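K.L.:
Here you go, one structure.
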Amino acid sequence: MMQEMWTILRILNWTKAYFEDKGIESPRLDAELLLCAVLGMRRIDLYTHFDQPLEKEELAAYRGYVMRRAKREPVAYILGEKGFLDYTFAVTADTLIPRPETELLVEKILAVTADGPLDILELGVGSGAILISLLLKRKEAQGLGVDISEGAVAVARKNAKNLGVTDRSEIIVSDLFEKVPEGRKFDLIVSNPPYIPKKDLAGLSPEVRKEPLGALDGGEDGLDFYRRIVREGMAYLKEDGLFAFEVGIGEGAAAADLLVQNGCGAARVFLDYAGIDRMVLAAKEGTTYADKIMETGN
Ligand code: GLN
């Protein structure tokens, strides 16, 4: 009997069942994304070529991807990239994968800041998604991004180059403010630091546990980095500057409190799509940013 051919439709159906069996959350979508990468197609093209048979080399490449995904490696690491706002960022296992919630943080910062010069510091720059997106949206802005991970810094630099912002960005290895020149002051200090409470780390999905632990582990209560950043950071913020954090579930009030106690009296928590505390923005009372923070919609 002739062996049945692997067409696009047949292999998608097979992979969906296989991924489902492995406990993968979006089996069909993941199968489509991996197949698109192998075939150089868009998802819509798969649907108009359901009967197209796969070539031997395509099958082999796809199989390799499917094996990796079955071991719960995130799709973004397999593809080496992730979309964030209007851009595509290179990612590796050295960087956290940019999340849709983090797009909200960038959008909130854009809602509060005006066009014109803006000196930005990002702590824990990772792939560079936040800093580079801000630079792309604010053409007169410039930024310093730091990360303790050399691997992450290499990825962020590559993204800065690919996306054309090397002339307005500097990305360096630094443990928070360690290598940030003393006396330098910023209009905006932004961070999506590690914020998962230690006790929650073991319960994360297998995919998240493939991400760098150093980008997730926020210490006992998840707030370690906010404490350090707020304590050390006031000296690096201009009088009329803005702090912007991503925070984890239930951490908004505590992070806002830290900011208030350290001089940023106008602090506000914003929610994500799921109604969860996700961002904290803060500035000193009486500043333009203070007004903007209080005026802006959730
Ligand atoms: N958003 C990530 C998660 O939910 C955590 C990122 C972080 O710790 N900053 O897995």
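The values are calculated or read from the model by the stated rules, or taken from the named source; none is laboratory data. Note that the coordinates shown come from a computational prediction; the quantities given were computed from them, not determined experimentally. Positions of Cβ are generated from backbone atoms using ideal geometry, with glycine treated the same way; all protein chains shown enter the neighbour counts. Side chains are part of the model used for accessible areas, which takes the heavy atoms of the whole protein and leaves out ligands, DNA and RNA. Shrake-Rupley method; radii C 1.70, N 1.55, O 1.52, S 1.80 Å.
K.L.:
Is there a residue being of a type in the set (A, V, I, L, M) and in contact (Cβ under 8 Å) with a residue 40 or more places away in the chain anywhere in region 238-246?
P.N.:
yes
K.L.:
Could you figure out which of (1) within 29 Å of V280 (Cβ to Cβ); (2) more than 19 Å from the chain's Cα centre (by Cα); (3) aliphatic (A, V, I, L, M); (4) open to solvent by 50 Å² or more (accessible area, probe 1.4 Å) isn't true of I44?
P.N.:
(1)
K.L.:
While we're here: If you go through region 217-228 one residue at a time, do you hit one that is outside any strand (DSSP E or B), within 16 Å of the ligand (Cβ to nearest atom) and over 30 Å from E73 (Cα atoms)?
P.N.:
First, pick out the residues of region 217-228 that are outside any strand (DSSP E or B): 218-228.
After this cut, where a residue has to be within 16 Å of the ligand (Cβ to nearest atom) as well, the list is 218-228.
Add one more test, that the residue is over 30 Å from E73 (Cα atoms), and what stays is 227-228.
Within region 217-228 (the criterion being outside any strand (DSSP E or B), within 16 Å of the ligand (Cβ to nearest atom) and over 30 Å from E73 (Cα atoms)), the answer is yes, since at least one residue qualifies.
K.L.:
Criterion first (modelled with pLDDT of 95 or more and surrounded by 14 or more Cβ atoms within 10 Å (Cβ to Cβ)) does K71 satisfy it?
P.N.:
Answer is no for this residue.
K.L.:
Here's a follow-up. Quick check on my filter: what residues within region 264-293 are open to solvent by 40 Å² or more (accessible area, probe 1.4 Å) and under 18 Å from I189 (Cα atoms)?
P.N.:
Matches in region 264-293: R268, V269, K284, E285, T288, D291, K292.
K.L.:
So R157 passes all but one of these: (1) buried (at least 20 other Cβ atoms within 10 Å of the Cβ); (2) away from the ligand (no atom under 16 Å from the Cβ). Which condition number does it fail?
P.N.:
(1)
K.L.:
Let me ask another. Kindly evaluate G233 against the criterion of being at positive phi and open to solvent by less than 40 Å² (accessible area, probe 1.4 Å).
P.N.:
no
K.L.:
If you go through region 107-143 one residue at a time, how many are part of a loop (DSSP other than H, G, I, E, B), touching a Phe, Trp or Tyr at 6+ places or on another chain (Cβ under 8 Å) and surrounded by fewer than 17 Cβ atoms within 10 Å (Cβ to Cβ)?
P.N.:
So the answer is 0.
K.L.:
From K292, K238, grab the single residue that is more than 16 Å from the ligand (Cβ to nearest atom) and in a helix (DSSP H, G or I).
P.N.:
Going through K292, K238 in turn, just one is more than 16 Å from the ligand (Cβ to nearest atom) and in a helix (DSSP H, G or I): K292.
K.L.:
Here's something else I'd like to know. Anything in region 241-257 that is assigned to a helix (DSSP H, G or I) and either among the basic types (K, R) or away from the ligand (no atom under 16 Å from the Cβ) (or both)? List them, or say none.
P.N.:
Residues of region 241-257 assigned to a helix (DSSP H, G or I): 252-257.
Within region 241-257, A253, A256, D257 meet the criteria.
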